[in-house]
């Protein structure tokens, strides 16, 4: 007596149900590329601001973080004690912290001045501590808020 080879009906139905459940939960995440691009850009913005603070304290110079709608550009003061940020920060290109997806933005735009003592100010004279909440948005919807605490230099 020989046994027939193959799958039973119960096994086939179980596999079809499993595929259906995986498709229902995994497929929307794979298709929603703008959502992952927004998360990546939010992480890039936060890491660029942390790099600006660490670079300012390590080099004992002001580092300017120019926040645009789709990018953060870091510049270094040419000399200690100067607030004019014109020099390129070594190892950082202008496009390193740019959004790769249209519709993903950060704001408010402006310049943050990371001081050598670890604080963050909203002016070059280091007179006013910056207290900024940067909103990362995807197609106008708020996805993440990055807080910069000027008196401590903390970026969350």
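The values are calculated or read from the model by the stated rules, or taken from the named source; none is laboratory data. Predicted model only: the values in this text are computed from it and were never measured. As a convention, Cβ positions derive from the backbone with ideal geometry for all residues, glycine included, and neighbour counts pool all protein chains shown.
Values for this structure:
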quantity	calculated
Set 52, 68: member being under 20 Å from the mean Cα position of the chain (by Cα), surrounded by fewer than 20 Cβ atoms within 10 Å (Cβ to Cβ), modelled with pLDDT of 85 or more and closer than 21 Å to residue 155 by Cα	68
Per-region count, segment 118-129, residues more than 16 Å from residue 76 (Cβ to Cβ) and over 24 Å from the mean Cα position of the chain (by Cα)	3
Residue in segment 94-123 that is modelled with the lowest pLDDT, counting only those that are surrounded by 16 or more Cβ atoms within 10 Å (Cβ to Cβ) and assigned to a loop (DSSP other than H, G, I, E, B)	101
Of all residues making up segment 124-155, the number that are assigned to a strand (DSSP E or B) and either touching a strand residue (DSSP E or B) at 6+ places or on another chain (Cβ under 6 Å) or surrounded by 13 or more Cβ atoms within 10 Å (Cβ to Cβ) (or both)	18
